[in-house]
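Report on one structure; see the data block that follows.
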Amino acid sequence: VTDHDVSVVVGAGGIGAACAAELHRFGGTLVLADAALGCADDIANGLRDRFEVVRAVRVDITSDESVRQLASLAASLGTVKRVVHAAGVSPEQGGVDAIVAVDLVGTAHVIDAFGDVIGRAGAGVVIASVAGHIFAPFITADQARALGAATPAQLAELTLFDDLETAVAYGYAKRGNQLRVRTAAKRWARRGARINSVSPGVVDTQMGRTERSGTAGQAIEELIANSPIARAARPAEIASVVGFLLSESAGFVTGTDLVVDGGALVNFS
Ligand SMILES: NC(=O)c1ccc[n+]([C@@H]2O[C@H](COP(=O)([O-])OP(=O)(O)OC[C@H]3O[C@@H](n4cnc5c(N)ncnc54)[C@H](O)[C@@H]3O)[C@@H](O)[C@H]2O)c1
C-alpha cells in the first residue's frame, strides 16, 4: 500500500459508513461520495486520522456525468485500488422510477465508470441484496441477459419494470446488480482487477429500519424470524465481508455474489 492508493466508497449511509471504517486497514486515500454531502462530510471527519487523505464529495449516481467526474477525481488522487458501491434506495424510500434510476441505472454507471479507472490488482464490491436472489426465479433468461448487459440508457427503458410493485422492482433491480457484476468481471480483469457483489439480508441501518416499519414490515420480520441467525445484521458484519473481498485473500474471487444474510435464503428454493 502506498499513500497514493485510493479507496472510494459511493454511498455514505449505514453500510457505506461501516465499509469506509473497514477500509482503514488499507490506508492511503479515502474518497467518500454521497448525494447528501453532509452525510459524507460527517463520516469523513470521523475517519481523518485513519487515512493519509480523506475527501468527501457529492455525487448523484443517476447521472453518468456525475459518476464519471467522481471516477476522474479519484484517479487524479492516485491509483484507484478499491471501490465500494453502497448507495441506493429501498422500496419505502422511493417508487419504481427511483429504484430503476438509482439502484439499477445508477449502479451500472458506477460499475462502468470505475471499470475505466480501476488500477492493477484493484477490486470493486457492489452492495446488491438477498432480494435479488429471492426474485431471480421470476426473471426470464432474456430479461436476465438485458439486466446484465444493456447500456444504462437501455436499462432505464426496460419494459420489465412496467406495472411492478415497488418491492418487486427492488428485487429485480438488485438481481440486475448481481448480473451486471458478472458481466463486468471480464472487463475489470483486462485491467488486472476483480469485481464482486455482496447480498445482505436485513441490516440495521436507516434503510433497514425504514423497511421494517413500512408496508412490507411484517414479511420482513418473518424473513428475519425464520432465518437460522434470527436477527438483522450489524453494518460492520457486512463491511468485514466487503473488506475480505477487497483484500488479496480474495485474489481468485471475481464475478460472483456473496450472500451475507444470516441464512435467510435457506427458506427459499
Ligand atoms: N439496510 C438493509 O437492510 C439492506 C439490505 C440489503 C441491501 N441493502 C443495500 O445496501 C445499500 C446501502 O444501504 P444502507 O442500508 O446503507 O442504506 P442507507 O439509506 O443508510 O444509505 C444509502 C445511501 O445512499 C445514498 N443515495 C441515495 N440515492 C443516491 C444517489 N442518487 N446518488 C448518490 N447517493 C445516493 C443516500 O444518500 C444514503 O446515504 C443499498 O444499495 C441497499 O439497497 C441494504
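If only one of ALA232, ALA250, ALA184 is touching a Gly at 6+ places or on another chain (Cβ under 8 Å) and more than 16 Å from the ligand (Cβ to nearest atom), which one is it? Spell out the reasoning first.
Details: ALA232 fails: more than 16 Å from the ligand (Cβ to nearest atom); ALA250 fails: touching a Gly at 6+ places or on another chain (Cβ under 8 Å).
Among ALA232, ALA250, ALA184, only ALA184 is touching a Gly at 6+ places or on another chain (Cβ under 8 Å) and more than 16 Å from the ligand (Cβ to nearest atom).
Of the residues that sit in the stretch 203-254 and are surrounded by 14 or more Cβ atoms within 10 Å (Cβ to Cβ) and of a type in the set (Asp, Glu), which one is nearest to SER90 (Cα to Cα)?
GLU211
Would you check if LEU70 is in contact with a strand residue (DSSP E or B) (Cβ under 9 Å, 6 or more places away or on another chain) and more than 14 Å from the ligand (Cβ to nearest atom)? Working first, answer last.
Numbers: in contact with a strand residue (DSSP E or B) (Cβ under 9 Å, 6 or more places away or on another chain): yes; more than 14 Å from the ligand (Cβ to nearest atom): no.
Considered against the rule, which asks whether it is in contact with a strand residue (DSSP E or B) (Cβ under 9 Å, 6 or more places away or on another chain) and more than 14 Å from the ligand (Cβ to nearest atom), LEU70 comes out as no.
Just one of (1) more than 9 Å from the ligand (Cβ to nearest atom); (2) more than 16 Å from the chain's Cα centre (by Cα) trips up GLY94, so point out which.
Going through (1) more than 9 Å from the ligand (Cβ to nearest atom); (2) more than 16 Å from the chain's Cα centre (by Cα) one by one, GLY94 breaks only (1).
Consider LEU77 against the criteria (1) under 28 Å from SER247 (Cβ atoms); (2) in contact with a Phe, Trp or Tyr (Cβ under 7 Å, 6 or more places away or on another chain); (3) at pLDDT 95 or above: it satisfies all of them except one. Which criterion is unmet?
All conditions pass for LEU77, except number (2).
Pick from GLY262, GLY171, GLY243, GLY176: which is touching a Gly at 6+ places or on another chain (Cβ under 7 Å) and in a helix (DSSP H, G or I)?
On the way: GLY262 fails: in a helix (DSSP H, G or I); GLY243 fails: touching a Gly at 6+ places or on another chain (Cβ under 7 Å); GLY176 fails: touching a Gly at 6+ places or on another chain (Cβ under 7 Å).
When all the criteria are applied, what remains is GLY171.
Looking at the stretch 110-149, which of its residues are part of a helix (DSSP H, G or I), within 15 Å of VAL67 (Cα to Cα) and in contact with a strand residue (DSSP E or B) (Cβ under 6 Å, 6 or more places away or on another chain)?
Here is the first cut: in the stretch 110-149, the residues part of a helix (DSSP H, G or I) are 110-115, 130-138, 141-149.
Next, from what is left, pick out any that are within 15 Å of VAL67 (Cα to Cα): 110-115.
Listed by number, the residues that qualify are VAL110, PHE114.
For the subset of the stretch 1-31 comprising residues that are near the ligand (Cβ under 10 Å from one of its atoms) and outside any helix (DSSP H, G or I), which member is nearest to GLN206 (Cα to Cα)?
Residues of the stretch 1-31 that are near the ligand (Cβ under 10 Å from one of its atoms), as a first pass: 10-19.
Next, from what is left, pick out any that are outside any helix (DSSP H, G or I): 10-13.
Working: VAL10: 16, GLY11: 13, ALA12: 11, GLY13: 8 Å.
So, considering only residues that are near the ligand (Cβ under 10 Å from one of its atoms) and outside any helix (DSSP H, G or I), the one nearest to GLN206 (Cα to Cα) is GLY13.
The values are calculated or read from the model by the stated rules, or taken from the named source; none is laboratory data. This one's a predicted model, so the numbers in the text were calculated from it and none came from an experiment. Counting neighbours? That spans all protein chains shown, and the Cβs are built from the backbone with ideal geometry, glycine included.
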